[in-house]
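Asker: Have a look at this one.
The values are calculated or read from the model by the stated rules, or taken from the named source; none is laboratory data. Quick caveat, the model's predicted, so the values are computed rather than measured. A quick note on method: Cβ atoms are made from the backbone with ideal geometry, for glycine too, and the neighbour counts reach across all protein chains shown. All accessible areas refer to the heavy atoms of the entire protein, side chains included, with ligands and DNA or RNA removed. Shrake-Rupley method; radii C 1.70, N 1.55, O 1.52, S 1.80 Å.
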Amino acid sequence: MKNLLNTISFPSDVRQLQPEQLPQLAKELREFIIDIVATKEGHLGASLGVVELTIALHYLFNTPKDLLVWDVGHQAYGHKILTGRKEVFHTNRQLNGIAGFPNRNESEYDAFGVGHSSTSISATLGMAIASALKGETEKQHIAVIGDASIASGMAFEALNHAGVSDTNLLIILNDNAIGIDPSVGALKEYLTKVKTDKRLAVQNNIIKALNFDYSGPIDGHNFKELIAELTRLKSVKGPKFLHIITTKGKGLPQAEKDQVTYHAPGKFDKISGDVLPKVESEFTKYQDVFGKTIVELAKKNDNIVGITPAMLTGSSLKLMLQEFPNRTFDVGIAEQHAVTLSAGMATEGLVPFCNIYSTFLQRAYDQIIHDVALQNLPVIFCLDRAGLVGQDGATHHGVYDIAYLRCIPNLIVFAPRNEIELRNIMYTAQLGLKNPIAIRYPRGKGNIANWQQPFQKIEIGTGVCLKEGKSLAVLSIGTMSDNVSKAILKLNNTIEVSHCDMRFIKPLDVKLLHTIFKKYKTIITVEDGTVKGGFGSGILEFASENNYSNTIKLLGVPDMFIEHGTVEELQEICGLDVNSIQEEIEGLLK
């Protein structure tokens, strides 16, 4: 049988096929995705689940003139392959390769850049309103959103507006009951009931009540149903909503069975589907240091609660869920709610550990300021994935948290240099702080095998000197300490260089800083956050306030969006790798 995918470069080629050929194309597209992702890694399950939908949309709609927006973008691999990127798909998520998410700079078929959830309906509605204002009445606007994303506040806000907009908008709910972890909440329970009792789609329908033309639920893997319903909806005026049921990981039995693991499984055997064993390490992921430590603390402190917005697995808060299900709260993709929920808990004497990825905490900025810091409520923010995260790229790097948190009154900001420091600051925080605290730590493993040491209290606002020197001091924050220590060891003249781990970005250790500024003529700051407004900026402010005229050099993430690549590659681009730090020190010593 002729390979159809070999004949497809763009959607115009898909439109030349007969309807009865589409199942074969779907089979080949699945095999192509599995073949590449098995060795190159990436997001697997979501893209396998929407293969039929992807083909049907490009078959029936005139993309890129008709605008197609994918929510989050985990599921857009098939879309990328059918829109001119098949030959370069093997470079997905690699340095200088194509992005892991839709990206407007990459293709005209990527109508909107995504990476964070629940933006698709707002963006697509904006496009539909623009088309209406321009008189482009035949233009179609399609948003594909999952059942986890649609439960987010931003998606609800957009639905509320879209229902009274009278625009040519089609929202497709890709309902597979799972995001990264299983979906949660009342809306998810409603959607589950609709699947089992379709009469509910007619009675008390929440989407119909918002003025949408609702249809479904239909089988998202059945081309006949998909084509028929999408063809009908093309001619329906006003806001439309199509509910489709899919299976995440469709076509790979293991991915269908274990949807959490196969969301992004790493390398796996493309024939058997088995995830390949990773090289055993004596070191522990920072997320697991958090997960194991909060369980240990919660056993001794009944007031401790854990909160996460849909990141139970990614944050390792699932460990607490297993031990203390009544004290662990997955609130769905709802960062704003997670923060204010934590604030409410804190008012009543609970000790909330609110675990949110650094890049997602950006979405709850008002809540941090207005609901937590202004009222000085002792919420403990644990910011996983701080710094450069690697192949997820610009949408996911946690490089802004230092700058956006440092300016907030009452808020303590801490960065542990290793697993023991993370453990000890968590212990310190739950003893009872008078202020909220943000603890930022990176993705990946630490470098201490025996990190489960007896707890020690950390004095707030204190740094530590790791090495004494004569003429130059390096001030580092967090795990950047490791690169600095390695860079100093490579110097010909290590005796000249001092190294201090400041630990606290706020409050700064003023006593230690006065000692450093009086003793060392030259100072280098090193951070894995944006150099604009970050930790180094705080050191410059200290120097200005105290009339110091030392030479100060700031190393950090430059004022540009850093794309995807390994953390090591991206550190090199930012000048934060061991060799770059060594060269900076040597240049200033001369």
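Asker: Going by what's in this entry, would residue 441 be described as under 17 Å from residue 352 (Cα atoms) and touching a residue at least 40 places away in the same chain (Cβ under 8 Å)?
Answerer: No.
Asker: So, one more: So for region 492-501 (the condition being of a type in the set (A, V, I, L, M, F, W, C), in contact (Cβ under 8 Å) with a residue 24 or more places away in the chain, crowded, with 18+ Cβ neighbours inside 10 Å and touching a Phe, Trp or Tyr at 6+ places or on another chain (Cβ under 8 Å)), does at least one residue qualify?
Answerer: Within region 492-501 (the criterion being of a type in the set (A, V, I, L, M, F, W, C), in contact (Cβ under 8 Å) with a residue 24 or more places away in the chain, crowded, with 18+ Cβ neighbours inside 10 Å and touching a Phe, Trp or Tyr at 6+ places or on another chain (Cβ under 8 Å)), the answer is no, since none of the residues qualifies.
Per-residue answers, yes or no, for (1) aliphatic (A, V, I, L, M); (2) in contact (Cβ under 8 Å) with a residue 60 or more places away in the chain; (3) farther than 23 Å from residue 317 by Cβ; (4) open to solvent by 20 Å² or more (accessible area, probe 1.4 Å):
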position	(1), (2), (3), (4)
394	yes, yes, yes, yes
403	yes, yes, yes, yes
407	no, yes, yes, yes
414	no, yes, no, no
420	yes, no, no, yes
423	no, yes, no, no
437	yes, no, no, no
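Asker: For region 76-193, which fully contained helices (runs of 4 or more DSSP H) count at least 1 residues that are more than 22 Å from residue 263 (Cα to Cα)?
Answerer: Correct list: 120-133, 153-162.
Each row is one residue, and each column tells you yes or no for (1) basic (Lys, Arg); (2) touching a strand residue (DSSP E or B) at 6+ places or on another chain (Cβ under 8 Å).
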residue: 97; (1), (2): no, no
residue: 100; (1), (2): no, no
residue: 125; (1), (2): no, yes
residue: 129; (1), (2): no, no
residue: 133; (1), (2): no, no
residue: 139; (1), (2): yes, yes
residue: 148; (1), (2): no, yes
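Asker: State all residues of region 217-265 that are open to solvent by less than 40 Å² (accessible area, probe 1.4 Å), in contact with a Pro (Cβ under 7 Å, 6 or more places away or on another chain), under 24 Å from residue 183 (Cα atoms) and of a type in the set (A, V, I, L, M); if no residue qualifies, say none.
Answerer: 244 - this is the single residue of region 217-265 that is open to solvent by less than 40 Å² (accessible area, probe 1.4 Å), in contact with a Pro (Cβ under 7 Å, 6 or more places away or on another chain), under 24 Å from residue 183 (Cα atoms) and of a type in the set (A, V, I, L, M).
Asker: Can you tell me which residues in region 278-304 are in a loop (DSSP other than H, G, I, E, B) and among the charged types (D, E, K, R)?
Answerer: Selection gives 278, 280, 282, 302.
Asker: Ok, one more. Give me the pairs: first residue in region 266-292 and within 30 Å of residue 328 (Cα to Cα) and open to solvent by 50 Å² or more (accessible area, probe 1.4 Å), second residue in a loop (DSSP other than H, G, I, E, B) and of a type in the set (A, V, I, L, M, F, W, C), beta-carbon distance under 7 Å, and six or more apart or on different chains, which are they?
Answerer: 282/449; 283/449
Asker: In the list 271, 307, 227, which residue meets the criterion of being outside any helix (DSSP H, G or I), in contact with a Leu (Cβ under 9 Å, 6 or more places away or on another chain) and either closer than 30 Å to residue 129 by Cα or not acidic (Asp, Glu) (or both)?
Answerer: 307
Asker: Can you tell which of 115, 100, 84 is touching a Phe, Trp or Tyr at 6+ places or on another chain (Cβ under 8 Å), open to solvent by less than 20 Å² (accessible area, probe 1.4 Å) and either at pLDDT below 95 or small (Gly, Ala, Ser) (or both)?
Answerer: Only one candidate qualifies: 115.
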